[in-house]
Amino acid sequence: MRRAIACCGSLADVDPDDVPICTLNLKRSAEERTTSEWSTTQLCFLQAVYNAQQLRYDPLEYDLLSDSMLRLQEYVGIESDAVQDLLDADVLRHDTDRHHRLYSVTPAGRDAIGESYRRGVDYGHECGDLEESSEHVLAVEAARLYLEHEYAADPESPVTQVVPYYEIQDGSLPAATFMGTDEDAVEEVSESYSLHRLDLVGLDAEGEIRITLEAERVNNDHRRAVPADFDKMAACDPDEAIWVAMSHDAAHEILAALNDPLEGEPRVEKTYSESTPSSSFTIDEPGFSDIITVNQLLDRVDRPDPRDLQG
């Protein structure tokens with residue numbers, strides 16, 4: 001698309017909102033589409049959403065950090081009722097309208113379009129999380145840009161490299177493991193923590209972790225998951241352990257889960273009223289030094305014009 005525009009005019013004269021997605025790469029053959037319970041248009045929309053959540057598109061065509069997926073509906077030409085059918089069948093999930101409309105393709109949706117999850121390509125070290133939502137991808141990508149700008153680009157910072165989805169394999173255990181005396185429990189947790197992944201880390205020139213960051217989507221298991229992420233970051237002994245929350249309310253739910261976890265002792269003793277902005281939290285714990293909402297990240301990140309990027 002960039003070459004086509006440059007051939008007939010100038011990218012500088014084109015509004016990015018007028019540039020549609022140009023590829024789908026739908027894997028289903030014509031015969032498979034005929035036998036599918038979903039129409040070709042529905043399959044194309046699932047593929048477009050999946051491509052977007054995997055960051056496969058040129059930002060000139062579609063940028064997950066700023067573009068609503070309503071644009072994908074327009075590009076594919078799918079009616080709202082057909083989208084609702086996908087949602088009702090749980091092949092598509094409506095993540096949020098908080099930043100802008102975001103959908104995610106579920107495992108059943110990936111099966112429908114023939115997209116397999118390949119470790120080392122679609123998930124794993126530096127690639128992504130298994131069953132990762134579009135909203136979580138957005139949060140991690142916004143946080144990556146923030147760390148690149150605030151730390152890696154700062155000559156005074158020890159951070160020289162920012163790495164997403166950083167896998168750590170070692171014998172370290174979360175602090176909560178040792179709050180009891182059951183040796184069998186310690187062994188069980190030790191095995192489960194032999195391999196864990198951090199959403200983002202900032203490494204110094206020697207490859208040591210100086211910054212850890214977790215982007216947290218609050219769900220039904222957050223009172224267990226949030227303390228586990230705290231322990232995971234604390235075990236790295238970082239200079240800073242940063243949390244990214246999807247909203248102000250979510251930031252308070254994260255703190256509440258650390259104040260009153262389902263298992264083990266409180267990870268954070270300090271509490272705040274619900275009306276306190278998360279930006280006013282002053283917490284200094286091994287697994288918590290700051291918390292930032294996604295919208296705050298998006299406001300802080302000075303993103304280049306997509307027309308200036310290399311396609």
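The values are calculated or read from the model by the stated rules, or taken from the named source; none is laboratory data. Source: prediction; values computed, not measured. Don't worry about glycine lacking a Cβ; one is built from the backbone with ideal geometry, like all the others, and counts go over all protein chains shown.
For this structure, a couple of remarks:
- Yes/no for Thr96 being hydroxyl-bearing (Ser, Thr, Tyr) and free of Cβ contacts under 8 Å to residues at least 40 places away in the same chain: no
- Some residue of the stretch 55-64 being modelled with pLDDT under 95 and either farther than 30 Å from Asp299 by Cα or in contact with an Asp or Glu (Cβ under 8 Å, 6 or more places away or on another chain) (or both): yes
- Those strands (runs of 3 or more DSSP E) lying entirely in the stretch 89-178 with at least 1 residues modelled with pLDDT of 95 or more and in the same structural domain as Leu198 (by TED's automatic domain parsing): 161-169
- Within the stretch 204-245, if we keep just the residues that are in a loop (DSSP other than H, G, I, E, B) and touching a strand residue (DSSP E or B) at 6+ places or on another chain (Cβ under 7 Å), the residue that is farthest from Ala152 (Cα to Cα) turns out to be Cys236.
- The residue that is surrounded by the fewest Cβ atoms within 10 Å (Cβ to Cβ), counting only those in the stretch 221-248 that are over 18 Å from the mean Cα position of the chain (by Cα) and farther than 24 Å from Tyr151 by Cα, is Arg224.
- Residue ID - surrounded by the most Cβ atoms within 10 Å (Cβ to Cβ), chosen from residues in the stretch 29-54 that are in a loop (DSSP other than H, G, I, E, B) and modelled with pLDDT of 95 or more: Trp38
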